[in-house]
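Peer 1: Starting off with a structure, shown below.
The values are calculated or read from the model by the stated rules, or taken from the named source; none is laboratory data. Computed from a prediction, not measured in an experiment: that's the story for all the values here. Ideal geometry is used to build each Cβ from the backbone, glycine not excepted, and the neighbour counts take in all protein chains shown.
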Amino acid sequence: MSTSKPLHGVRIVTEPSEMKAFLSFPYSHYKDDENWIAPLYIQQRDLLDPKKNPYFENVDHAFFTAEKDGEIAGRIAVFINHDWNEYQKQQTGFFGFFECVDDAFLTRLLFNVAKDWLKERGMNKILGPINPGFMYELGLLVEGHETEPYIMMPWTKAYYDKHVKAAGLDKEIDLLAYVVDEKSVALDRINRAEQIVRHRLPNLVIRPVNIRNFKEEARTIRKIFNQAWATNWGFSPVSEAEFDHIAKDLKLILDKDLAHIAEIDGKPIGFSVALPDMNQAFKHVRDGKLMPFGLVKLLYHKRKIDRIRTALMGVIPEYRGKGIDALLHREAIVKGLAKGYNASELSWLLETNTEMIRVAERIGGWKEKTYRIYSSEL
């Protein structure tokens, strides 16, 4: 019986073949995890391609893979978003796309390499997982592994939390996912709330997003978003190029009855975007490949989607606390129920955002998942 120790190593990605290995690792890593939803490989490839994603216009980055006994056993990415740091007045680097086998030493090795890379470039703090920016997937799943994630929400190994902490990072903040379904939804309460709000704001109009004029609608939503989120943890203004890039992808799955803009006297003051949960279709494409059979499976199961996720919402500061957010949630839930969607996830909510948590609970929601962001001084 051999008593030799396993060989560990980390290398920086420099070649296309190494990037392919970086992108491919999760598909084998999670193959036995029933509740993990495979992302489309082509989408992940384009997401991390600086030539295709405007997010990278002012972002330094590097990708690393870890090996154990000659096999890829982990990965991590690091990002320095100079616009974010300038807005936040920080010198913080992000880590993201972290995956690793159940090996505390290898996890620590990955984070040591990530920290060193950031320190060498003048950063004094590491924060993540942020994959790759705040408009994308965030956090490690620390509660709620027994159910599948909704669209654009991660599902990660349960042991990650202890290994990341052992690598010297601590909790920065938790992001919460609330779910309301056809059995729990407090329709009487939200209908009464609607009457009260509309009495107070008789000029309030909540209208569906105009798909035919989607580019202009996206600009309106971006303007509201940048005002509504300006004081939130982790925020920095989203550029027009980045928002248009994200909106272009969302348009492919958007249901006009689930995306709304709130106006008062014709002035846009709030919005919400709920998305059909495409994860219910993606789960049937376990290898993340559309060809040769993945696209057929995707189109077939897309017809069976019966839940939604409110992924984006915002109300400009002067109209907060007036119940407009509750009405936006109501609009998506009521329209969704009418179209056969029987559950909705409201995510993510900052654990410190007590106002939105109360709204989620008042309409009948319960906390189903907790995602954690970690940090460490360098």
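Peer 1: Condition first: within 21 Å of Met356 (Cα to Cα), small (Gly, Ala, Ser) and surrounded by fewer than 16 Cβ atoms within 10 Å (Cβ to Cβ). Now tell me which residues in segment 213-259 satisfy that.
Peer 2: Selection gives Ala230 alone.
Peer 1: Out of everything in segment 281-293 that is free of Cβ contacts under 8 Å to residues at least 60 places away in the same chain and of a type outside the set (A, V, I, L, M), what residue ends up being surrounded by the most Cβ atoms within 10 Å (Cβ to Cβ)?
Peer 2: So the first thing to find is which residues in segment 281-293 are free of Cβ contacts under 8 Å to residues at least 60 places away in the same chain, and the list is 281, 284, 291-293.
Next, from what is left, pick out any that are of a type outside the set (A, V, I, L, M): 284, 292-293.
Working: His284: 17, Pro292: 7, Phe293: 12.
Per the stated criteria, the residue is His284.
Peer 1: A further question on this structure: Can you find even one residue in segment 190-212 that is of a type in the set (Asp, Glu), at negative phi, loosely packed, with under 15 Cβ neighbours inside 10 Å and in the same structural domain as Ala311 (by TED's automatic domain parsing)?
Peer 2: So in segment 190-212, the residues of a type in the set (Asp, Glu) come out as 194.
Filter once more, keeping what is at negative phi: 194.
Checking the rest, the ones that are also loosely packed, with under 15 Cβ neighbours inside 10 Å come to none.
The answer is no; no qualifying residue exists.
Peer 1: May I ask you to list the residues in segment 66-85 that are over 19 Å from Thr156 (Cα atoms) and free of Cβ contacts under 8 Å to residues at least 60 places away in the same chain?
Peer 2: Glu71, Phe79, Ile80, His82, Asn85
Peer 1: Going residue by residue through segment 148-162, is there one that turns out to be outside the structural domain of Glu345 (by TED's automatic domain parsing), modelled with pLDDT of 95 or more, under 23 Å from Thr352 (Cα atoms) and assigned to a strand (DSSP E or B)?
Peer 2: no
Peer 1: Starting from segment 154-166, keep only residues that are within 17 Å of Ala38 (Cα to Cα), then list their pairs with residues that are among the hydrophobic types (A, V, I, L, M, F, W, C) and outside any loop (DSSP other than H, G, I, E, B) whose Cβ atoms are within a distance under 7 Å, requiring at least 6 positions of separation or different chains.
Peer 2: Every condition considered, the pairs that remain are Pro154/Leu141; Trp155/Leu141; Thr156/Leu140; Thr156/Leu141.
Peer 1: If I filter segment 84-108 down to residues being in a helix (DSSP H, G or I) and over 24 Å from Tyr371 (Cβ atoms), which single residue comes out as farthest from the chain's Cα centre (by Cα)? Walk me through it before giving the result.
Peer 2: As a first pass, look at segment 84-108 and keep what is in a helix (DSSP H, G or I): 84-88, 104-108.
Still in the list and also over 24 Å from Tyr371 (Cβ atoms): 86, 105.
Details: Glu86: 23, Phe105: 28 Å.
Checking each candidate, the answer is Phe105.
Peer 1: Something else about it: Within segment 321-350, take every residue that is buried (at least 16 other Cβ atoms within 10 Å of the Cβ) and among the charged types (D, E, K, R) and give me the one that is modelled with the highest pLDDT.
Peer 2: Once the filter is applied, the top-ranked residue is Glu345.
Peer 1: Also: Have a look at Ile80, Ile72, Ile12 and point out the one that is in contact with a Gly (Cβ under 6 Å, 6 or more places away or on another chain), within 29 Å of Glu172 (Cβ to Cβ) and in the same structural domain as Ile126 (by TED's automatic domain parsing). Spell out how you get there, then give the answer.
Peer 2: Numbers: Ile72 fails: in contact with a Gly (Cβ under 6 Å, 6 or more places away or on another chain); Ile12 fails: in contact with a Gly (Cβ under 6 Å, 6 or more places away or on another chain).
That would be Ile80, the only listed residue that is in contact with a Gly (Cβ under 6 Å, 6 or more places away or on another chain), within 29 Å of Glu172 (Cβ to Cβ) and in the same structural domain as Ile126 (by TED's automatic domain parsing).
Peer 1: Continuing with the same structure: I'm trying to understand the selection: among the residues of segment 334-378, which are closer than 25 Å to Gly168 by Cα and in a loop (DSSP other than H, G, I, E, B)? Outline the logic, then answer.
Peer 2: The first filter runs over segment 334-378 and keeps only residues closer than 25 Å to Gly168 by Cα, leaving 350-352, 369-378.
Scanning segment 334-378 gives Glu351, Thr352, Leu378.
Peer 1: Just to be sure before I move on: is Met313 touching a helix residue (DSSP H, G or I) at 6+ places or on another chain (Cβ under 9 Å) and assigned to a helix (DSSP H, G or I) in the structure I sent? It would help to see each step written out before you state the result.
Peer 2: On the way: touching a helix residue (DSSP H, G or I) at 6+ places or on another chain (Cβ under 9 Å): yes; assigned to a helix (DSSP H, G or I): no.
No.
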